[in-house]
Amino acid sequence: MHDNAPIPRGGPTNVTRRTFIKGVIAGGVVVSSTAYLFRNGPLSAQAARAGTVERLMTLEVNGQSRRVDVAPNETLANTLRYKLGLTGTKLGCDRAECGACTVLVDDVPRYACSVLTHSVRGRRIQTVEGLAAADGTLHPIQQGIIEEQGFQCAFCMSGFMMATVGFLKKNPNPTREELAHGVSGNLCRCQDYDKILTALERGAQLAREA
Amino acid sequence: MATIHDVIPPFQLFQPTTLDAAADLVREHGDEAWIMAGGMDSFDWLKDRTKRTEAVIDLSMVEELRGIREVEGGLEIGAMTTLTDVAEHPAVRDRFGVLAQAAALVASPQIRHQGTLGGNVSQDTRCAYYRRGWTCYRAGGNICYADTPTAINREHAILGASRCVAVSPSDTAPALVALDAQMVIRRGGQERVVEAEDYFVGPSRDIRHMTVLESGDLLTTIRIPATWAGARFYFEKVRDREVWDFPLVNVASAIRENGGRITEARVVVGAVAAHPLRLHDVEESLAGAMVNDETLVRAGELAIRGARPLRYNAYKVPLMRNLVKRAVRGGPTGTTA
C-alpha cells in the first residue's frame, strides 16, 4: 500500500489520547504521580553526602535544553516519559531485553530503561519525538514505515526506528542481513520482522536519496 | 519472581570524574557501595530487589578508564571501554581477533554500546536460582538449589563444581585468558596486577564471588601482551538464540604453528565451570603435534576428562568436546557474527 496522504497531526480540536496525556503531564498531575513514583526514601530524607550528585540538571533532548529534577536512582526512560512527557519512548520489559525503550545518546542506540539519567548529563539525547522536522516533514525512516506498512501493533516501533537511525549513521547502505543484525537488539511480539525489515530498508533508501 | 515494573529503590549516587577520585571513593565506601560500570548486570539486581545498596559509584564519567592504547606491541584497554569499541578497534581486530570476535558476540547491539570490558569480566553468574534471590550457597545459605533432584540445571557446570554449580557467563573472559591478559587492580593508591587466569575464581576458593576483586578493589585496565599478536585464533559461542543470550558453552583458542606443527597453544572454555577453564592438559598434548584427526580426537577427549554432568546438562559434554576440536582445527565458525 502506497498511501501518501498527509497524516493528520493533533491540533487544538484534534485531541488524541497522546496529546491528552501530554497535556495532563504538563498540567500538574505530574506532581502527584512523581510523588508516587519517586517518593522519598529514608536516604533522600538525609542530607546528601559530600560528593553525591545534584538532583537538578540540564538534559539535551531533541535539540532542546530541558531543566529537570532527577532522582539519583532514576532511569532515562522514566525521566523521558514521566518528567518530560516524551511518551514515544516505550517501556516494554524494563530489563534491557526487548528494545522498546531504545533512544540515541550521542547518536548511539541505548536502552533508556537501563541508563541512569545522571550518567547522560551533557550528552545529546534523541527520542522518536525528535525524528520529524519542525515543519512536520517525517524522517525518511518514518516515511519508509508508512509506505511499506511495516508494523502491526507498533508498540516496538519507536525503539526499532531509533535503533535503525543509529545504525544507519555507521552504515548508511546496509544489506538486508546487516540491517537485521543492526536491529537485532529489538523484539517485535507480533513477529512481523520480515515486513519491518522491508520498511526499514525502504527508509534507509529514502534517507540515502534525501 | 514476577518482574517488578517500578523504579530502583533509592540510593545515593557518586559520579567521580577522575581515576584517583574513583579509587578513593571505592576504598572509602567499598563495603556499602555498588560499583557500576555499564550497569547492564547491576540494573537487574537492583530492580528485582535481589540485591540492595545504599550508594552507587557510577564510573561512567571517568574518561581515564576508557580507551585502547598501544603499548610495546600489546594493548592496554581501559576497563570502561565499551564492548562495541573493543570489537571494532582496528588493533584488536588485526592482532587479537579472538577478543574482537568474543566482544562482538555479547548480548545485543545496544548492550554492547553500553556494556564494558571490565564489567563483562566482572559480572555475576546467571544461575536462575541465585538471581531470583534464593538463599543458596552463593547467597550465603547452605544449599545449592540447582543441584537437587528436581532442579532445572541445563545451563550449569559440568566441571570444577564445589557445592555451587553456577557457571561463568562471560564471552570475553575465555578470550582474555587465551591471550595471557593481565588485570590491573587499583586499591586506594596501590596497584596490583593479576593474570587473567587467576582473576576468575571458582566456588572452592570463594563461593560468594566470581573474581578476586575484594571490597575496595577497582579493576582499571586490561593488558594484552604482544605474546599472541597475529596468532591463529578461534572463537565460537553456542547459545539458544543468536542475540542477547549467554553462552551454553563458548571456546577461545590461540595457536602458534611452525611447518604444520603446533608450537604453542591456549585453549579456554567458558560456561562449563564457575570460571573460564584453561585446558592445560590439552595445551600440553598439542605442543609439537600436527593438526590431524588423531590430534583433534585426543584434544577433545582430554578436554572433557573428569566432566560430571547434572541431570539436564549432559549435552554440554559432547558440545565441549566438539568445540575444543574445532578450536584446534580452526576455520570458519558455526556462529553468526
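Per-structure values
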{"quantity": "Rounded Å value of the spacing that divides the Cα centres of the stretch B:28-55 and the stretch B:175-189", "calculated": "22"}
{"quantity": "Vicinal HN-Hα couplings computed from phi for the stretch B:227-233 (Karplus, 6.51 cos²θ - 1.76 cosθ + 1.60; Hz; Gly/Pro x)", "calculated": "2, 9, 3, x, 6, 7, 10"}
{"quantity": "Burial ranking of peptide ranges A:78-86, B:234-242 (average Cβ count within 10 Å, highest at the top)", "calculated": "A:78-86, B:234-242"}
{"quantity": "Formal net charge of residues neighbouring residue B:188 (Cβ-Cβ distance under 13 Å; K, R +1; D, E -1)", "calculated": "-2"}
{"quantity": "Farthest toward positive dipole pole in the stretch B:289-329 [+1 Lys/Arg, -1 Asp/Glu at C-beta], among B:323, B:300, B:312", "calculated": "B:312"}
{"quantity": "The stretch A:55-210: radius of gyration and largest Cα-Cα distance (Dmax), Å", "calculated": "15.1, 44"}
{"quantity": "Prolate/oblate/rounded label for chain B (Cα gyration tensor, a/c 1.5)", "calculated": "oblate"}
{"quantity": "FRET efficiency, residue B:281 to residue B:214 (Cβ-Cβ, R0 22 Å, nearest 0.05)", "calculated": "0.10"}
{"quantity": "Residue (of B:189, B:127, B:115) at the positive-pole extreme of chain B, dipole from beta-carbon charges", "calculated": "B:127"}
{"quantity": "DSSP beta bridges in the stretch B:1-96 [antiparallel fraction, %, rounded to 5]", "calculated": "35"}
{"quantity": "Inter-chain shielding of A:109-119 (mean C-beta neighbours from other protein chains, 10 Å cut-off)", "calculated": "6"}
{"quantity": "Cα-Cα pairs of the stretch B:275-337 separated by more than 13 Å (percent)", "calculated": "65"}
{"quantity": "Nearest-20 debye value, the protein assembly as shown charge dipole, Cβ charges on Lys, Arg, Asp, Glu", "calculated": "1160"}
{"quantity": "Formal net charge of residues neighbouring residue A:198 (Cβ-Cβ distance under 12 Å; K, R +1; D, E -1)", "calculated": "-2"}
{"quantity": "Cα centroid separation, the stretch B:300-317 to the stretch A:169-210 (Å)", "calculated": "41"}
{"quantity": "Equivalent-ellipsoid semi-axes of the protein assembly as shown, from the Cα gyration tensor, Å, largest first", "calculated": "41, 29, 22"}
{"quantity": "Ranked B:167, B:92, B:184, B:121, criterion: other C-beta atoms within 10 Å, fewest first", "calculated": "B:184, B:92, B:121, B:167"}
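Here, each number is a calculation from the coordinates, and none is a lab measurement. Everything numeric in this text was worked out from a predicted model, so none of it was measured. Quick reminder, even Gly has a Cβ in these numbers, built from the backbone with ideal geometry, and neighbours come from all protein chains shown.
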